[in-house]
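Note sheet for the following structure.
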């Protein structure tokens, strides 16, 4: 089996296996799995809404998938993308609100910088804690997620909410900070669909992450640290530095979710906006085999499911959109326990030989 | 500030700490055997949902009356155990990354309760309301005694029995334990399954003790607070209990405060800052600023038997 085929095979098996298990669950609750899956996946294919919303929802998942990927490549598990993107979204909105009168030429780059740097900063905290004190980044990123959510909710509630607004959201950002939606360029593509240039930025980031990890010295050192830390250290690479750098890059990528959310979609910080983007990013990176190209496809799959979930809620009798999260969980479980399929294959093969001889 | 420290606050601290203690003690068994348990959250959700659904069925369909919450509690226990079996098999038998499988379980359990309640109760993620007299006992005295007994039992099992010795050995030096004839896999299965049972019970107490129904994502991060308490308590039973009480207290304060409590200077203490306390403390203690909190040496490392 060639390398590429192997890389494609396991994710594919994991997805199919998850759909089978999900199908059994759907049968148990009394619906037809084929109908449910048709709703779930078919919704994404309509033009312009299905495709527009799917690409829109894939955007944050590409960013968080890349974020988790960079961590993984350095041997780190960034479960903190969720917290990083909340901090970044608030920071981005803060810049957009504070400098509301500025022209786009200055304001948009400043907002981009706010998104990337604040996400990088929040992720660098567990990086430094690991490098300096050896404390586990998984625990610290989980804790920082909760701290981030509480912190931005405090700032929103006490300092940046419009007086009398019952919704937990900030005042709007300046019009100069808005980035264009696709409707501006594509004829017949309505502007109400929030797909915006952040999607193109996400694709660009896939290329940049690839170049960074596989074509630069820093990227090489990060990967060396991830694949064999003691050998890397023996080879003169400072592991501590790589940990902090990788976490910061990871957090910066997670922070770019803010560009899509704040500058391209809601034009303000909206509390609790993230539909588990940070955690879905883990699924995206794993299913994408920790490769930027894989991340794009995995993000598209999960975005399709998320968009289709709304239709499942509306049109099926028993199944709710929760099936999306169920499928996601099962997919990660299967991807994680890859050796399960090897184990299964070894047990199936002798049976097949027996049946072939008959 | 003085009026915060009332008897009702102490009672509510005990009530709120109870699910944390149960889940954290569960995490203790799992992590001392060398298996990370970030899936406590998912196991609690499984326990909470199943307990509420089973209690409802026992009450409405089987007319078990006062016995129904106890049947529900058993249901919660079994649900936690069931999830733990999946987790254990993937981590121990198939040597999956423990953090990844844990994250998968958590995501899965965000979906499953909603999925099932949509089908069973035609609701969007919650179970029907249970009658108030068909819930688990809520008297702080009874709960406190039960919890203390459980902590004492955990301490005894962990430090005074051969089982506890083997469990700890497997979490610290699996090779040595293996060489001494201890089955690493069996001890880790035990640790993870006990964790599932206790976290399931903790979740059950949330839905049929503190509350009278299951609501969508009702654990709201309590599994992670339990994990934090375990780390803050340095993976030891009594310290973990104290950490849970502290975190239960911060939750009780933040519930009582809801905008009402003011500092003597007349300023509000934003509730968000109270909510942050457990997480900040955990980071601080894990970094070694307040004494050192050292995880079991083999935590998170799948054990590969040498041939």
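Does residue B:42 qualify as being more than 19 Å from residue B:170 (Cβ to Cβ) and in contact (Cβ under 8 Å) with a residue 60 or more places away in the chain?
In short, yes.
Determine the pairs where a residue that is at positive phi, located within region B:183-200, has a partner that is part of a helix (DSSP H, G or I) and at pLDDT 95 or above with Cβ atoms under 6 Å apart, the partner being 6 or more residues away or on another chain.
That search, which allows pairs on different chains as well, returns nothing.
So, residue B:224, is that one more than 16 Å from residue B:47 (Cβ to Cβ) and under 16 Å from the mean Cα position of the chain (by Cα) or not?
No.
Just the residues that are more than 19 Å from the chain's Cα centre (by Cα) and either surrounded by 24 or more Cβ atoms within 10 Å (Cβ to Cβ) or in a helix (DSSP H, G or I) (or both), please, taken from region B:1-52.
Selection gives B:2, B:3, B:4, B:7, B:8, B:9, B:10, B:11.
What number goes with the only condition from (1) surrounded by 13 or more Cβ atoms within 10 Å (Cβ to Cβ); (2) under 20 Å from the mean Cα position of the chain (by Cα); (3) free of Cβ contacts under 8 Å to residues at least 24 places away in the same chain that residue B:153 does not pass?
(1)
Any chance region A:94-106 includes a residue that's farther than 28 Å from residue A:204 by Cβ and in contact (Cβ under 8 Å) with a residue 24 or more places away in the chain?
yes
Any residue at all in region A:89-109 that is within 14 Å of another protein chain (Cβ to nearest Cβ), part of a helix (DSSP H, G or I) and in contact with a helix residue (DSSP H, G or I) (Cβ under 8 Å, 6 or more places away or on another chain)?
yes
For residue A:134, which of the numbered conditions (1) more than 11 Å from every other protein chain (Cβ to nearest Cβ); (2) within 21 Å of residue A:245 (Cβ to Cβ); (3) out of contact with any helix residue (DSSP H, G or I) (no Cβ under 9 Å at 6 or more places or on another chain) fails to hold?
It is condition (1) that residue A:134 fails.
Of the conditions (1) without any contact (Cβ under 8 Å) to a residue 24 or more places away in the chain; (2) farther than 29 Å from residue B:17 by Cβ, residue B:58 fails just one. Which one is it?
For residue B:58, the failing item is (2).
Using the structure shown, decide if residue A:172 is more than 10 Å from chain B (Cβ to nearest Cβ) and more than 18 Å from residue A:272 (Cβ to Cβ).
No: the conditions fail for residue A:172.
The values are calculated or read from the model by the stated rules, or taken from the named source; none is laboratory data. Keep in mind it's a predicted model, so treat the numbers as computed, not measured. Because the Cβ atoms are built from the backbone with ideal geometry, glycine has one as well, and the counts that use them run over all protein chains shown.
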